1. List every residue pair whose Cβ atoms sit under 6 Å apart, with the two residues 6 or more apart in sequence or on different chains, where the first one lies in segment 30-48 and is within 17 Å of Ala18 (Cβ to Cβ) and outside any loop (DSSP other than H, G, I, E, B) and the second, anywhere, is modelled with pLDDT under 90 and not polar (S, T, N, Q).
2. Can you name every residue in segment 31-55 that is open to solvent by less than 70 Å² (accessible area, probe 1.4 Å), touching a strand residue (DSSP E or B) at 6+ places or on another chain (Cβ under 9 Å) and more than 13 Å from Ile7 (Cα to Cα)?
3. Quick one: in segment 8-30, which of the residues that are farther than 13 Å from Arg68 by Cβ, at pLDDT 90 or above and not acidic (Asp, Glu) is least open to solvent (accessible area, probe 1.4 Å)?
4. Please work out if Val66 is closer than 22 Å to Met1 by Cβ, open to solvent by less than 30 Å² (accessible area, probe 1.4 Å) and out of contact with any His (no Cβ under 8 Å at 6 or more places or on another chain).
5. Kindly indicate whether Lys61 is part of a helix (DSSP H, G or I) and either among the aromatic types (Phe, Trp, Tyr) or open to solvent by 60 Å² or more (accessible area, probe 1.4 Å) (or both).
6. Met1 fails exactly one of the following numbered conditions: (1) surrounded by 14 or more Cβ atoms within 10 Å (Cβ to Cβ); (2) in a loop (DSSP other than H, G, I, E, B). What is the number of that condition?
Amino acid sequence: MSVPQKINDYITAMRPAAICNKCLAAGVGLSNDTAHPAQVTGALATTTDFTQEVATCSRCKQVKKVIRAARP
């Protein structure tokens, strides 16, 4: 499975929780915790299936830019 698909699946499985890129990277096992997730989440956020906003990350509890899967 490709990294973008892993990220997509991980965010979707967490619905409706929001997650930041750093926690997302840890959740899918990526060693680069910022660059690759940011590229993928940026692309996902252009669709109607995901939303990006500044909110509290459900994992680290910090207020930062997060992504979440939209409600079905």
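The values are calculated or read from the model by the stated rules, or taken from the named source; none is laboratory data. These numbers come from a predicted model, not from an experiment. Glycine gets a Cβ as well: all are built from the backbone with ideal geometry, and neighbour counts include every protein chain shown. For the accessible areas, the whole protein counts, side chains as well, though only heavy atoms, and no ligand, DNA or RNA atoms are used. Shrake-Rupley method; radii C 1.70, N 1.55, O 1.52, S 1.80 Å.
1. Val40/Pro4
2. Scanning segment 31-55 gives Thr51, Gln52, Ala55.
3. In this case the residue turns out to be Ala25.
4. Values: closer than 22 Å to Met1 by Cβ: no; open to solvent by less than 30 Å² (accessible area, probe 1.4 Å): yes; out of contact with any His (no Cβ under 8 Å at 6 or more places or on another chain): yes.
No; evaluated as a whole, the condition is false for this residue.
5. On the way: part of a helix (DSSP H, G or I): no; either among the aromatic types (Phe, Trp, Tyr) or open to solvent by 60 Å² or more (accessible area, probe 1.4 Å) (or both): yes.
Criteria not met by Lys61.
6. Failing condition for Met1: (1).
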